[in-house]
Amino acid sequence: MPTSDQIRAAVDSYAQSFVTRDRERFMDALSEDIEQIDPVGSTPNLGKDALGGFFDTVISSCERLEFDVRDLIVAGDEAAMVFQITQHFADGGSLTIDGVDVFRVTDDGRINLVKGYVDQDHVRKAEARD
């Protein structure tokens, strides 16, 4: 079973890779047999190629992304992350998403399952900043 530190490091790499737009860091955090269900109830993305496509889509959709991890709870080989993401677009608009991601991490410290919990009640235009 992975250690708590391994789980925290894998989840941190996942989150920070979006902020830094670091595809290599994102891919390194994933196991070969990664499965992503985001949002839960949708068709899963299976394998690293599919997750690479997910990363590319998110990154190409915005100029900048803020990923605020509000809480991270680790139990066994899993972690639940409460987060807020704000995407900043080229037209000056922004979108904020509040959600929860659940991760399962392998013994070698790589993520092999991501389940995303987000609904339309938690997606909104971001407040304008001065």
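Do we have ARG70 as open to solvent by 30 Å² or more (accessible area, probe 1.4 Å), under 18 Å from ILE97 (Cβ atoms), of a type outside the set (A, V, I, L, M) and in contact with a helix residue (DSSP H, G or I) (Cβ under 7 Å, 6 or more places away or on another chain) here?
Judged against the criteria, ARG70 is not a match.
In segment 67-98, what residues are assigned to a strand (DSSP E or B) and touching a residue at least 40 places away in the same chain (Cβ under 8 Å)?
Once the filter is applied, which keeps residues that are assigned to a strand (DSSP E or B) and touching a residue at least 40 places away in the same chain (Cβ under 8 Å), segment 67-98 yields PHE67, VAL69, LEU72, VAL74, GLU78, ALA79, MET81, PHE83, ILE85, THR86.
Out of SER17, SER42, SER61, which single residue is hydroxyl-bearing (Ser, Thr, Tyr), crowded, with 18+ Cβ neighbours inside 10 Å and without any contact (Cβ under 8 Å) to a residue 40 or more places away in the chain?
None of the others qualify; the one that does is SER17.
The values are calculated or read from the model by the stated rules, or taken from the named source; none is laboratory data. Remember, predicted model here, so these are calculated numbers, not experimental data. With ideal geometry, Cβ positions are generated from the backbone for all residues, glycine too; neighbour counts draw on all protein chains shown. Heavy atoms of the whole protein, side chains included, go into the accessibility calculation; ligands, DNA and RNA do not. Shrake-Rupley method; radii C 1.70, N 1.55, O 1.52, S 1.80 Å.
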